[in-house]
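Below is one structure; the comments refer to it alone.
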Amino acid sequence: MSEALRVAMVGHAFMGRMHTQAWKTAGRFFDLPRPVECTLLVGRDGDRAAQGATRLEWAESSDDWRTAVTRDDIDIVDICTPGDSHAEIAIAALAAGKHVMCEKPLATTLADATRMADAARAALEQPEPARSMCGFSYRLVPALTHARDLVGAGRLGEILQVRGRYLQDWLTDPQVPWSWRLDKDIAGSGALGDIGAHIIDAAEYVTGLRVSQVAATVQTFVHERPVADSASALGRAVDGSAPTQTRPVTVDDAALLLARFTDADGRPRPTTGNFEATRVATGRKNGIHLEVNGTLGSIFFDFEDMNTLQFYDASVSGTEQGFTRILVTQPDHPFTGHWWPTGHGLGYEHGFVHQVVGFVQAICDGTQPRPSFDDALHIQQVLDAVERSAGDDACWTPVGPGAAAAN
Ligand code: SOE
């Protein structure tokens, strides 16, 4: 058995728990070229990091991410922190020769994302190249990889339209307390970067196209929220009084955009796209909807029915045409042969396991894990373009007699 890859994970909240699940599970279901060890868990609060290490079964804990970067017995740094710390940690870790996995979006600003991608390219030139990838894990849901394979095999023909939505509703209630995802300095943007980045990446991954131009708008519906310690989860203090403190929301609740595309070589394509990311779509819990329409067929995916893919094959006879509901659990579908018998299904965590598998395989093969920091930089460029477009009201045309009156 070759020497283990020792992992240090920075951040141990929702994403830290999910990544732990992936690091612990990957070797149980996939033949990894080298085993992985959960060596060091890092959290800002030393006591809570120690509790997290015990609960999540990490060998050690620290309250300083620099420990992960300086220790010789750490091979991989896995960044599961809010976006405002991604650049500092990733750039230092890469310079120290550590392989880096970083949660999405890559950074809170285009400038930081550019610095990170530059550092990732420089790290490949080191005597021992350090590899890096960004955590757009939804690509690795079997149904979306299968959709990509169908497009790649020409089963949809020429891609005409792309329709992507990422719909959540956890912020519909104005009494939901403030959290870091609502602060521009910490998160970079709201629904746009948090979940819009996912659906844009998934659409580009499935179609092989790249967003090249956008026309966009963003909307914030709730401009301040109660501070959690002054309000219960329902936004009322334990004595029923209104929250004593609030904090401003400085990001979008929803982002909507039209997109134009190029192919992977930068050649403009006639394909049209529209995307939406929202955290106030009441009733939608994690509704990731991707529809791709081509000259020969279409696919439709809904994460809330994540083990299926709808496929419309326009080449079959008219009497047989209709969207087929493919159950993406056959052993020859992507990844599924490593898991359960057909029909048993996978869940949210399995995309993260596939992410770890791809990262470890790339590190051991000496290849570039995908999505790379350059892939993630492109997504950051799209986010930046959306915010610039949304900041320019020129994209709106008033409806009314104005135009007629002017003639
Ligand atoms: C937002 O609520 C969120 O937690 C995203 O930050 C994750 O990336 C996504 O996988 C689930 O929803």
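Quick one: which residue in Arg269, Arg284 is charged (D, E, K, R), in contact with an Asp or Glu (Cβ under 7 Å, 6 or more places away or on another chain) and part of a strand (DSSP E or B)?
Going through Arg269, Arg284 in turn, the sole match is Arg269.
Which one is surrounded by the most Cβ atoms within 10 Å (Cβ to Cβ), of the residues in the stretch 305-328 that are assigned to a loop (DSSP other than H, G, I, E, B) and out of contact with any Pro (no Cβ under 8 Å at 6 or more places or on another chain)?
Among those residues, the one meeting the criterion is Met306.
I'm trying to understand the selection: among the residues of the stretch 147-192, which are open to solvent by less than 30 Å² (accessible area, probe 1.4 Å) and not hydrophobic (A, V, I, L, M, F, W, C)?
Gly157, Gly164, Tyr166, Gln168, Asp169, Pro177, Asp183, Gly188, Ser189, Gly190
Taking the criterion of being assigned by TED's automatic domain parsing to the domain that holds Glu158, at pLDDT 95 or above and within 16 Å of the ligand (Cβ to nearest atom), would at least one residue in the stretch 311-318 satisfy it?
no
In the set Val360, Val382, which member is surrounded by 21 or more Cβ atoms within 10 Å (Cβ to Cβ), under 28 Å from Tyr166 (Cα atoms) and among the aliphatic types (A, V, I, L, M)?
Answer to the selection: Val382.
Can you find even one residue in the stretch 331-338 that is touching a residue at least 12 places away in the same chain (Cβ under 8 Å), among the aromatic types (Phe, Trp, Tyr) and under 18 Å from Arg148 (Cβ atoms)?
Within the stretch 331-338, one or more residues are touching a residue at least 12 places away in the same chain (Cβ under 8 Å), among the aromatic types (Phe, Trp, Tyr) and under 18 Å from Arg148 (Cβ atoms).
List the pairs whose first member sits in the stretch 162-173 and is under 14 Å from Asn274 (Cβ atoms), whose second member is within 14 Å of the ligand (Cβ to nearest atom) and in a loop (DSSP other than H, G, I, E, B), and whose Cβ atoms are under 6 Å apart, counting only residues at least 6 apart or on separate chains?
Leu167/Ala281; Leu167/Arg284
Which residues, counting only those in the stretch 257-291, are among the β-branched types (Val, Ile, Thr), touching a Gly at 6+ places or on another chain (Cβ under 9 Å) and away from the ligand (no atom under 16 Å from the Cβ)?
Within the stretch 257-291, none qualify.
Filter the stretch 193-229 down to the residues that are surrounded by fewer than 16 Cβ atoms within 10 Å (Cβ to Cβ) and within 30 Å of Leu156 (Cβ to Cβ) and list them by number.
Gly208, Gln213
Going through the stretch 280-304 one residue at a time, which ones are surrounded by fewer than 16 Cβ atoms within 10 Å (Cβ to Cβ) and either of a type outside the set (S, T, N, Q) or not assigned by TED's automatic domain parsing to the domain that holds Asp194 (or both)?
Gly283, Lys285, Leu296, Glu304
Does the stretch 117-134 contain at least one residue that is within 16 Å of the ligand (Cβ to nearest atom), within 28 Å of Glu387 (Cβ to Cβ) and not aromatic (Phe, Trp, Tyr)?
yes
Restricting the search to the stretch 329-356, which residues are assigned to a loop (DSSP other than H, G, I, E, B) and within 14 Å of the ligand (Cβ to nearest atom)?
Matches in the stretch 329-356: Gly347 only.
Select from the stretch 342-386 the residues that are farther than 21 Å from Ile288 by Cβ, under 18 Å from the mean Cα position of the chain (by Cα) and of a type outside the set (A, V, I, L, M, F, W, C) and list them in ascending order.
Listed by number, the residues that qualify are Pro369, Ser372, Asp374, Gln381, Asp384.
Looking at Ala254, Ala191, Ala202, which one is within 12 Å of the ligand (Cβ to nearest atom), in contact with a strand residue (DSSP E or B) (Cβ under 7 Å, 6 or more places away or on another chain) and either at pLDDT below 95 or under 18 Å from Ser389 (Cβ atoms) (or both)?
Answer to the check: Ala191.
Restricting the search to the stretch 11-52, which residues are within 16 Å of the ligand (Cβ to nearest atom) and closer than 17 Å to Ala90 by Cα?
Passing the criteria: Gly11, His12, Met15, Gly16, His19.
The values are calculated or read from the model by the stated rules, or taken from the named source; none is laboratory data. Here the structure is a predicted model, which is why all the values come from computation and not from measurement. Backbone-built Cβ (ideal geometry, glycine too); neighbour counts: all protein chains shown. Heads up: the accessible areas ignore ligands, DNA and RNA and are worked out on the full protein's heavy atoms, side chains in. Shrake-Rupley method; radii C 1.70, N 1.55, O 1.52, S 1.80 Å.
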